[in-house]
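Just below is one structure, and these are the notes that go with it.
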Amino acid sequence: MPHTRALGRAVGFKEPLRLYAARRGAREAIDARTTSAVRNRAMGHRRADIFDRHYTNQVVAADAVSAFLGTPSQDWIIRAATHISMTKDPHAQASVRKPLARDLAADPQVASLQRTVKERRQVLLAKYISLQQARVATADPLVIGYIEVQKEHAAMQAKRRREIHAERWRAWFNDIGTRAIQR
């Protein structure tokens, strides 16, 4: 869902927030306080094995090292380690810099389509004097070709804008460790 992805990005999660994460969190809260019958009913499961197969954490939530050494357990470390994917980076950006026109112009496909749009526009202006007059002549193959190239250019720009944004988002999280060390 787009609003949950936007929420996850706004609070600084690296991965997009999905409803499954909220459901899993609710499951953990219910599991700690109720019986398995109540848990299954609240989660909408018909059988207990659904819960055991899909919601039980694969990481053992026990401090085996402390048990072996005979020292007090440090449960906070276990909780932090098993929920590491849901921790928020306090330095995370709510957003990365949006792709600008010059970022898109650097892409060869976008630049090629931009040139094609300009060339076809010049041809239409030479024939019809204005684009408004050209659009009235919808049966003209030049007009049809111009509109198709314009749509293709807009679609390519939107695609590259999303790709650049995703690259910047990944790069920010990949470099966060280096920036934290430099602080």
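The values are calculated or read from the model by the stated rules, or taken from the named source; none is laboratory data. Because the structure is predicted, anything quoted here is derived from the model rather than measured. We place every Cβ from the backbone using ideal geometry, glycine too, and count neighbours over all the protein chains shown.
Let me confirm something: among 151, 159, which residue is at pLDDT 90 or above and under 30 Å from residue 8 (Cβ atoms)? Unique residue meeting the criteria: 159. Once segment 128-159 is narrowed to residues that are surrounded by 14 or more Cβ atoms within 10 Å (Cβ to Cβ) and of a type in the set (Ser, Thr, Tyr), the residue that is farthest from residue 111 (Cα to Cα) is 128. Scanning segment 8-49 for residues that are under 26 Å from the mean Cα position of the chain (by Cα) and farther than 19 Å from residue 170 by Cβ returns 19, 20, 21, 22, 23, 24, 25, 26, 27, 28. Annotation note: of 115, 135, 46, 120, the sole residue that is at pLDDT 75 or above and in contact with a Phe, Trp or Tyr (Cβ under 7 Å, 6 or more places away or on another chain) is 120. If you go through segment 1-27 and pick out every residue that is assigned to a helix (DSSP H, G or I) and touching a residue at least 24 places away in the same chain (Cβ under 8 Å), you end up with 7.
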